[in-house]
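Contents: one structure, followed by commentary.
The values are calculated or read from the model by the stated rules, or taken from the named source; none is laboratory data. Bear in mind the structure is a predicted one, so any value in this text is a computation, not a measurement. Ideal geometry is used to build each Cβ from the backbone, glycine not excepted, and the neighbour counts take in all protein chains shown.
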């Protein structure tokens, strides 16, 4: 009886099946069912491919494998060594789920489904089955899920949080295009990919609500405000931090240009440098009059407000200060 090689009773979700013996005899009967192909694989390379039908294995229909066998083991040896891998070319469904980050490092939790078909069995066997040592359907599914997750993470890292959530259709199309190109290099056609769920942490959900409520406020301004908020929280945790110190630190973070330089005077009692508008020294409590501050500081003749020595008019009441 000739050797019979066929995939018996494949399940509806089975992508590949490997014939259990690598000893193949010349004259063996290879049976390939509809929506299947059989690939002869040896030494990490895919050789001859057979479509649906009944095939008697000879040197004529195994030209690529015969060529290598002649060089390695001599012509006519039987049985010869090769793996016969059956590949289903039906459409299959897979699931993905990944943790990604946006451009501002906002965490994303995404999951969904994808549908695919193997369109280049030779490339698929070389890149996935042999290349990743994935000789069973579960191992192929594990590889593809990880492959999609990795590309999903890479692509979503190109977008900010607002774009991901407010332009999901556009974003998902771009992500799908990116993965389609990657799948083609594996001999696979990505038929469809869908986001079934996308979420972030409660903190960033609050940010999205803030952005929606803010309307025309630019996202960059919102991010800067949140950065300030975090800085204030961290400042409050440090030892000896006071509200006054925090309030002095935060305003410069909102400025988009260089911070203006405040006019300063020197307290004559403790020599501390303080703003010219201060009525009392915050360091020692001394009243900042012309006698308590440095000699070159003058006061307004009308409102008695301390003014910069170079000022021609009082910034408080407008009276000539000369």
**Request:** For residue 289, state whether it is assigned to a loop (DSSP other than H, G, I, E, B), surrounded by 15 or more Cβ atoms within 10 Å (Cβ to Cβ) and modelled with pLDDT under 70.
**Result:** no
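Is there a residue being touching a residue at least 40 places away in the same chain (Cβ under 8 Å), over 12 Å from residue 89 (Cβ atoms) and in contact with a strand residue (DSSP E or B) (Cβ under 6 Å, 6 or more places away or on another chain) anywhere in the range 32-39?
Residues of the range 32-39 touching a residue at least 40 places away in the same chain (Cβ under 8 Å): 32, 35-39.
Pick out the ones that are also over 12 Å from residue 89 (Cβ atoms) and you get none.
Within the range 32-39, none of the residues are touching a residue at least 40 places away in the same chain (Cβ under 8 Å), over 12 Å from residue 89 (Cβ atoms) and in contact with a strand residue (DSSP E or B) (Cβ under 6 Å, 6 or more places away or on another chain).
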**Request:** Could you grab me the full set of residues in the range 64-101 that are modelled with pLDDT of 90 or more and more than 20 Å from residue 135 (Cβ to Cβ)?
**Result:** 91, 93, 95, 96, 97, 98, 99, 100, 101
**Complete:** Per the list (1) in a loop (DSSP other than H, G, I, E, B); (2) surrounded by 14 or more Cβ atoms within 10 Å (Cβ to Cβ); (3) out of contact with any helix residue (DSSP H, G or I) (no Cβ under 6 Å at 6 or more places or on another chain), residue check on residue 2 breaks on (2)
**Prompt:** Mind checking whether some residue in the range 88-102 is in contact (Cβ under 8 Å) with a residue 60 or more places away in the chain and closer than 30 Å to residue 27 by Cβ?
**Reply:** yes
**Request:** For residue 111, work out the one condition from (1) part of a strand (DSSP E or B); (2) modelled with pLDDT under 95; (3) in contact with a helix residue (DSSP H, G or I) (Cβ under 9 Å, 6 or more places away or on another chain); (4) under 30 Å from residue 172 (Cβ atoms) it doesn't fulfil.
**Result:** (3)
**Request:** Please state which of the following conditions residue 131 fails to meet, knowing it meets all the rest: (1) under 21 Å from residue 200 (Cα atoms); (2) in contact with a helix residue (DSSP H, G or I) (Cβ under 9 Å, 6 or more places away or on another chain).
**Result:** (1)
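Does residue 175 satisfy the condition of being out of contact with any helix residue (DSSP H, G or I) (no Cβ under 9 Å at 6 or more places or on another chain), modelled with pLDDT of 85 or more, surrounded by 12 or more Cβ atoms within 10 Å (Cβ to Cβ) and closer than 30 Å to residue 91 by Cβ? Give the steps one after another, and end with the answer.
Details: out of contact with any helix residue (DSSP H, G or I) (no Cβ under 9 Å at 6 or more places or on another chain): no; modelled with pLDDT of 85 or more: yes; surrounded by 12 or more Cβ atoms within 10 Å (Cβ to Cβ): yes; closer than 30 Å to residue 91 by Cβ: yes.
Spelling it out, it is not the case that residue 175 is out of contact with any helix residue (DSSP H, G or I) (no Cβ under 9 Å at 6 or more places or on another chain), modelled with pLDDT of 85 or more, surrounded by 12 or more Cβ atoms within 10 Å (Cβ to Cβ) and closer than 30 Å to residue 91 by Cβ.
Have a look at 191, 162 and point out the one that is surrounded by fewer than 17 Cβ atoms within 10 Å (Cβ to Cβ) and not assigned by TED's automatic domain parsing to the domain that holds residue 37. Before you say what the answer is, go through the steps one by one.
Details: 162 fails: surrounded by fewer than 17 Cβ atoms within 10 Å (Cβ to Cβ).
Testing whether each residue is surrounded by fewer than 17 Cβ atoms within 10 Å (Cβ to Cβ) and not assigned by TED's automatic domain parsing to the domain that holds residue 37 leaves just 191.
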**Prompt:** Given the conditions (1) out of contact with any strand residue (DSSP E or B) (no Cβ under 9 Å at 6 or more places or on another chain); (2) without any contact (Cβ under 8 Å) to a residue 60 or more places away in the chain; (3) assigned to a loop (DSSP other than H, G, I, E, B), and given that residue 71 satisfies all but one, which numbered condition is not satisfied?
**Reply:** (3)
**Item:** Residue in the range 178-211 that is farthest from the chain's Cα centre (by Cα), counting only those that are assigned to a loop (DSSP other than H, G, I, E, B) and within 16 Å of residue 94 (Cβ to Cβ)
**Value:** 187
**Message:** Based on this model, can you work out whether residue 48 counts as in a loop (DSSP other than H, G, I, E, B) and touching a helix residue (DSSP H, G or I) at 6+ places or on another chain (Cβ under 8 Å)?
**Reply:** no
**Prompt:** Restricting attention to the range 139-159, which residues are crowded, with 17+ Cβ neighbours inside 10 Å, assigned to a helix (DSSP H, G or I) and under 15 Å from the mean Cα position of the chain (by Cα)?
**Reply:** 147, 148, 149, 151, 152, 155, 156
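Do the conditions hold for residue 128, that is, is it outside any loop (DSSP other than H, G, I, E, B), surrounded by 20 or more Cβ atoms within 10 Å (Cβ to Cβ), out of contact with any strand residue (DSSP E or B) (no Cβ under 7 Å at 6 or more places or on another chain) and not assigned by TED's automatic domain parsing to the domain that holds residue 35?
Working: outside any loop (DSSP other than H, G, I, E, B): yes; surrounded by 20 or more Cβ atoms within 10 Å (Cβ to Cβ): yes; out of contact with any strand residue (DSSP E or B) (no Cβ under 7 Å at 6 or more places or on another chain): yes; not assigned by TED's automatic domain parsing to the domain that holds residue 35: yes.
In short, yes.
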